[in-house]
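The values are calculated or read from the model by the stated rules, or taken from the named source; none is laboratory data. On a predicted model such as this, the values are computed, not experimentally measured, just so you know. Positions of Cβ are backbone-derived with ideal geometry, glycine not excepted, and every protein chain shown enters the neighbour counts. Calculation scope for accessible area: heavy atoms of the full protein, side chains included, ligands and nucleic acids excluded. Shrake-Rupley method; radii C 1.70, N 1.55, O 1.52, S 1.80 Å.
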Amino acid sequence: MAGENGATLADVAERAGVSPSTVSRTMRGLSTVSPATRARVEQAARELSFSISRSASSLVTGRTGRVAVLVPNLESWFLGAALAGMAPALAEAGMDMLVYSVTTPEERTHFFDRLPARRNADALLVVSFALSPAERGRLDDLGLPLVFVSQHEEHRASVYVDDAEAALRGTRHLLHLGHRRIAYLEPADASGFAWSSRARLDGYRTALAEAGVEHDEELVRQVADWQGPVLDAAVGRLLSLPRPPTAIFAETDDIAFRLLTVLRGANVPVPARISVLGFDDHAMAGAWDLSTMAQPVRRLGRAAAELAHTVIQDPDGNLERHVVLPVELIPRGSTGPAPEST
């Protein structure tokens, strides 16, 4: 078997004074090789500029050395930060990352028809991707370990935060500040984030019920395009209610940023008249002085990569392994006491 630079496995074995099978076991990272032997083999490989190719390695191990990642888009700050956490963790494990961004209905149909990850990876990370039952069944057909990221999946490995609990705590924060008219802004099309979206809305409603605050469905607004006039119109309708909200919980920091822009453009003081709370702790949240529920997105990505490596190394182990990371309330200048008139 030749390496990527022309030297053969036999050449390395001869220089290290071991058998070719020992070199093979060493290059595959097996624990049956003693530290002293491993050091000799690795030194010989360096001297000969030998590195085993992916294709040759897969013939020996049955593995590709790659982990596939399925995401609903590449535009979200959250998804970018999660991928940034995954990449170094996979590199440390000697694995490459292969990203499939499936955004349009056509791309979605094409991906689930072809299942390209079947041939190209040793595991699939499914990141914030709302699956239909048929799509879930197709992924089961892959025959690969699956790790679900930012969503809880029964009977499968998952890495996530407790979105419902976090939203409950965020709403409690506003309630403790004296707010009783608390609006909630959510994306109309969750674009893959449906699991988190449902959980966060549940947490908001649970906190209101705990406090004995009557739920007003007029205060829950869906925005199909949070970057454009749709959100502007939704905020206008909230402000024009006979009893307008004194606080708004935005499901993501991205929505909260646009909300702050709209409120400031309308000369609505924040937080004197309306408090604004986000979710994520976006990289720009501090610059915007945005109060937010901070989830450790890069840690989420790293934990998912580490869990993927674990299930690849131990495919016969317990597949239902869950890692739940904490969410922290970070109060900043966008939230304050409710106006006294309320």
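Some values worked out for this structure:
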read-out: For segment 103-236, alpha-carbon Rg over 2.2 N^0.38 Å; value: 1.30
read-out: Relative counts (whole %) of C-alpha pair distances in segment 86-151, using bins that are 10 Å wide; value: 18, 56, 24, 2
read-out: Average accessible area per residue (Å²) across the chain - probe 1.4 Å, nucleic acids and ligands excluded; value: 45 Å²
read-out: Angstrom value of the Kirkwood radius, inverse mean 1/r, which spans all Cα pairs in the chain; value: 22.6 Å
read-out: Pair-distance profile P(r), taking every C-alpha pair of segment 226-296, with 10 angstrom steps and integer %; value: 20, 56, 22, 2
read-out: Estimated FRET transfer efficiency (residue 110, residue 340; beta-carbon r; R0 56 Å; 0.05); value: 0.45
read-out: Separation of the residue 99 and residue 43 label points, Cα + 7 Å toward Cβ, nm; value: 4.1 nm
read-out: Net charge of Cβ neighbours under 12 Å - reference residue 168; Lys, Arg +1; Asp, Glu -1; value: -1
read-out: For residue 160, solvent-accessible area (1.4 Å; no DNA, RNA or ligand), Å²; value: 30 Å²
read-out: Net length gained if the chain between residue 243 and residue 138 were fully extended (0.36 nm per residue, minus Cα distance); value: 32.9 nm
read-out: Principal axis box of segment 208-342, alpha-carbon based, largest edge first, Å; value: 60, 34, 28
read-out: Fully extended contour minus Cα-Cα distance, from residue 230 to residue 325, at 0.36 nm per residue; value: 30.9 nm
read-out: Rough spin-label spacing in nm, given labels placed 7 Å along Cα→Cβ, for residue 176 and residue 332; value: 2.0 nm
read-out: Length added when fully stretched, residue 188-residue 75, from 0.36 nm per residue minus Cα-Cα; value: 39.0 nm
read-out: Distant-in-sequence amide H partners of residue 335 (H built 1.01 Å from N, under 5 Å); value: 276, 291
read-out: Helix 77-92 axis, angle to the chain major axis (alpha carbon atoms, nearest 10°); value: 20 degrees
read-out: Using alpha-carbon coordinates, inclination of helix 253-265 to the longest axis of the chain, degrees; value: 30 degrees
read-out: Loop GluC sites (Glu not before Pro), segment 209-284 (other Cβ atoms within 10 Å of the site Cβ: 15 or fewer; DSSP); value: 214
read-out: Heavy atoms of residue 97 accessible to a 1.4 Å probe, total area in Å² rounded to 10; value: 70 Å²
read-out: Residue-level accessible surface for residue 25, protein heavy atoms, 1.4 Å, Å²; value: 80 Å²
read-out: Projected label distance in nm at residue 14 and residue 84, using a 7 Å step from Cα toward the beta-carbon; value: 4.9 nm
read-out: Calculated P(r) tail over 12 Å for segment 72-120, as whole % of Cα pairs; value: 69 percent
read-out: Largest to smallest accessible area among 165, 135 [probe 1.4 Å]; value: 165, 135
read-out: Heavy-atom accessible surface of segment 105-183: percent carbon and sulfur, 1.4 Å; value: 48 percent
read-out: Angle in degrees between helix 297-313 and the longest Cα principal axis of the chain, rounded to the nearest 10; value: 30 degrees
